[in-house]
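> Once you've had a glance at the structure underneath, I'll fire off some questions.
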Amino acid sequence: MRGFDLEQLRTFVAVADSGSLSAAAPRLFLSQSSVSEQLRKLEERAGVPLLLRGRRGVQPTPAGERLLGHARRMLDLDALAMQDIRGETLAGELRLAITDYYRTAEIAGMLRRLRERHPQLRLHVTVMKSAAIDASVDDDAFDIGLTMRVVGARGGTGERPRAGWRPLRREPLAWVGARGDTEGIAVPLPLVLLPDTCSLHQYVVRMLKRARVPYRVSHSASGVAGLQMALAAGLGISCLNRSAIPAGVAALDPSTASSLRLPALPEVEFCLLPPRRGEAPVVQAAREVLAEQLG
C-alpha cells in the first residue's frame, strides 16, 4: 500500500489552516491551480473526500479532520528528523507574548507542536492585549511579541507597522452575535467589548460614532475568552476576527448588518514585532521558527 506524500500533506494542512486555496497558495509559494492539483491527488490517494468546498472557502470533512491530526504529526516528525541530522537544535529559554485575538481555538495546539518539534526549547507564553504588547516593545517583558493591528484604519492599531514588523497572517473582521439569536437586536446596539484600553474596542466605538449608530456597552469582558462566552450567551454583539469566532457565535448576515446600519469592517493583520538590538542567537532562530509555525 502506498503511503502519503509529504508535500501533498503540507499543502492540505496549509489549506485547512488558511481556510481557502487562494489564501494558502502564497504561503506555499505555489499557484492556486498547483494547490488544487495537489489536493486532488491527495484525495485520490486517500480514497475519500477530505475538504468541503463552498463560497466562503473550505473546511475539512470528518475524514479530513482525522487526517489533519496525522498530517501535522508526520510533518513535525519530518522536520525534527531533518533538524537532528543537520544538528540544528533549538535550545534555551524563550518568552513569547501573544495577542489574545490570535487563532484562539488553535494556538494551544500550535504551541504544543512547537514544543514537540523543539523539545529543548523552554517556552514561557503570556497571552496579552495587543496594546500592552505594543507598549512593551522596548521593555524586557518578553523576547518575541505577536500583536494585531487593524489594516487601513487611522490611529491606534491602524497605524502603519514599524520598520521590522513581520506580517504573519491577515483575517477579516466581522460583526458577530449568538448563532440563531440576532434577529431581535434592538437600538441602541448592545455591545460586548473588552475594556476601553483594548485597541479593537476603541476602533469599534470610533466606527459606530462616525456612522452615527447608537450603542451601549451591555457587557465588558476582561479577556477574549470572556467576550466569546458573553457573545454565545446572547448578551450582545461585537466585532471579532475570523479565527476568534467560537462555536455558538456567527457573523451577522448582510441583511441584519445593513438594517442596523453597521459599518463595513476591514481586515486585521497579525505581526511579529521587530527584533531588539543585541537579540540573543536563540531568539533570532526562534523568530524564524515561529514565523513558519504560527503563520
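> Ala132 versus (1) farther than 24 Å from Val268 by Cα; (2) in a helix (DSSP H, G or I); (3) at pLDDT 80 or above; (4) not acidic (Asp, Glu): which is the lone unmet condition?
(1)
> With the structure loaded, tell me whether Leu80 is touching a residue at least 24 places away in the same chain (Cβ under 8 Å), farther than 30 Å from Thr197 by Cβ, open to solvent by less than 90 Å² (accessible area, probe 1.4 Å) and in contact with a Lys or Arg (Cβ under 6 Å, 6 or more places away or on another chain) or whether it fails that test. Before you say what the answer is, go through the steps one by one.
Working: touching a residue at least 24 places away in the same chain (Cβ under 8 Å): yes; farther than 30 Å from Thr197 by Cβ: yes; open to solvent by less than 90 Å² (accessible area, probe 1.4 Å): yes; in contact with a Lys or Arg (Cβ under 6 Å, 6 or more places away or on another chain): yes.
Yes: the conditions hold for Leu80.
> Something else now. Applying the selection to the stretch 13-56, what residues are more than 18 Å from Arg103 (Cβ to Cβ), buried (at least 16 other Cβ atoms within 10 Å of the Cβ) and touching a residue at least 40 places away in the same chain (Cβ under 8 Å)?
None; the set is empty.
> Yes or no: Gly57 under 30 Å from Asp134 (Cα atoms) and at pLDDT below 90?
Working: under 30 Å from Asp134 (Cα atoms): no; at pLDDT below 90: yes.
Judged against the criteria, Gly57 is not a match.
> Which pairs have Cβ atoms under 9 Å, sit 6 or more apart or on different chains, and link a residue in the stretch 145-168 that is modelled with pLDDT of 55 or more to one that is surrounded by fewer than 11 Cβ atoms within 10 Å (Cβ to Cβ)?
Pairs that qualify, where the first residue is modelled with pLDDT of 55 or more and the partner is surrounded by fewer than 11 Cβ atoms within 10 Å (Cβ to Cβ), are Arg149/Arg160.
The values are calculated or read from the model by the stated rules, or taken from the named source; none is laboratory data. All values derive from a computational prediction rather than experimental measurement. Here Cβ is always computed from backbone atoms with ideal geometry, including for glycine, and neighbour counts include all displayed protein chains. Just so you know, the surface numbers come from the protein's heavy atoms only, side chains and all, with ligands and any DNA or RNA stripped out. Shrake-Rupley method; radii C 1.70, N 1.55, O 1.52, S 1.80 Å.
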